[in-house]
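Student: Submitted below is the structure of interest, expressed as structure tokens.
The values are calculated or read from the model by the stated rules, or taken from the named source; none is laboratory data. All values reported here derive from a predicted model rather than from experimental measurement. In this analysis, Cβ positions are derived from the backbone assuming ideal geometry, glycine residues included, and neighbour counts consider all displayed protein chains.
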Amino acid sequence: MGSDSWASAVSRVAVLTGAGISTDSGVPDFRGPDGIWTRDPEAEKLATFRHYVSDPALRRRSWQNRLAHPAWTARPNAAHLALVRLANGGVDTRVITQNIDGLHQRAGTPPDRVMELHGTMYGVVCVSCGDRTEMAAALERVRAGEEDPACARCGGILKSATVMFGQSLDPAVFERAAAAAQSCDLFLAVGSTLTVEPAASLCLLAFRSGARLVIVNRDPTPYDRLAADTIRVPIGEAIPALVDTLLTAQ
């Protein structure tokens, strides 16, 4: 960790979190050395909308993968909990996450302070009529023998309430995220490769709005040159230490 001058006079923090913040909870990332797509390039098709809707065999594989997803049993780790401590310490903290695992909310960050850019794995949506239901109910149907459960309302294809490749982000959610980036004193980018747009562009938006940018990630990112500090320490160590620094500077 470099100079901590970025920690002074901070009252509003926006935190962009990527897959790297959840790996300590046992949820694998996608592009890392042991990432889902690194180990199985075909798996990326499971997250691509046009493949999903056109290929029944792929959907059946997707439902089996959902049943076994490690996030169902994952617990918030030290980094998730540290961000809750920051918010409880009097710093206005908004969490913008690329993750779908709900671990920020389970750690104690109020749901209205979490913006889920890529949706949530806890919901299901019909691609035809838009009906939204609980993932738990759909998974019960899969366990009971339905390999590719259809929408109970219209018979359409069901998918998790997440943003797949080829789908647009929810404009209202991104608008809230952009507002948080523009109004913060400090923008933390944690565990994200910062290569997926438009999420990564929030770093630039915050920087241009006058915020200090701190990046916590194992590998270099395209936004490192704008950062007041780049931290390569493991996230589970870095975020609690960073929160201590911010709270001490209050």
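Student: Looking at E197, E175, E237, can you tell me which residue is part of a loop (DSSP other than H, G, I, E, B) and acidic (D, E)?
Tutor: On the way: E175 fails: part of a loop (DSSP other than H, G, I, E, B); E237 fails: part of a loop (DSSP other than H, G, I, E, B).
Residue meeting the stated conditions: E197.
Student: Now, a different point. For the stretch 228-245, give me the residue count where each residue is in contact with a strand residue (DSSP E or B) (Cβ under 8 Å, 6 or more places away or on another chain), among the small types (G, A, S) and within 15 Å of L86 (Cβ to Cβ).
Tutor: Total meeting the criteria: 1.
Student: If you scan the stretch 144-200, which residues turn out to be among the small types (G, A, S) and within 16 Å of the chain's Cα centre (by Cα)?
Tutor: From the stretch 144-200, those among the small types (G, A, S) are 144-145, 150, 152, 155-156, 160-161, 166, 168, 172, 177-181, 183, 189, 191-192, 199-200; that's our starting set.
Listed by number, the residues that qualify are S160, A161, S168, A177, A178, A180, A181, A189, G191, S192, A199, A200.
Student: Does the stretch 88-95 include one or more residues that are in a loop (DSSP other than H, G, I, E, B) and under 30 Å from D148 (Cα atoms)? Working first, answer last.
Tutor: Here is the first cut: in the stretch 88-95, the residues in a loop (DSSP other than H, G, I, E, B) are 89-91.
This time we only want the ones that are under 30 Å from D148 (Cα atoms), so: none.
Within the stretch 88-95, none of the residues are in a loop (DSSP other than H, G, I, E, B) and under 30 Å from D148 (Cα atoms).
Student: Being within 17 Å of V10 (Cβ to Cβ), surrounded by 14 or more Cβ atoms within 10 Å (Cβ to Cβ) and not small (G, A, S) narrows it down to one residue among L86, L58, L81; which is it? Break it down into steps so the answer makes sense when it comes.
Tutor: Numbers: L58 fails: within 17 Å of V10 (Cβ to Cβ); L81 fails: within 17 Å of V10 (Cβ to Cβ).
Of L86, L58, L81, the one residue that is within 17 Å of V10 (Cβ to Cβ), surrounded by 14 or more Cβ atoms within 10 Å (Cβ to Cβ) and not small (G, A, S) is L86.
Student: Looking at T221, is it crowded, with 16+ Cβ neighbours inside 10 Å and among the hydroxyl-bearing types (S, T, Y)?
Tutor: yes
Student: Can you tell me which of V91, V84, V27, V15 is under 30 Å from G166 (Cβ atoms) and modelled with pLDDT of 95 or more? Lay out the reasoning, then the answer.
Tutor: Details: V91 fails: under 30 Å from G166 (Cβ atoms); V84 fails: under 30 Å from G166 (Cβ atoms); V27 fails: modelled with pLDDT of 95 or more.
V15 is the lone residue from the list that is under 30 Å from G166 (Cβ atoms) and modelled with pLDDT of 95 or more.
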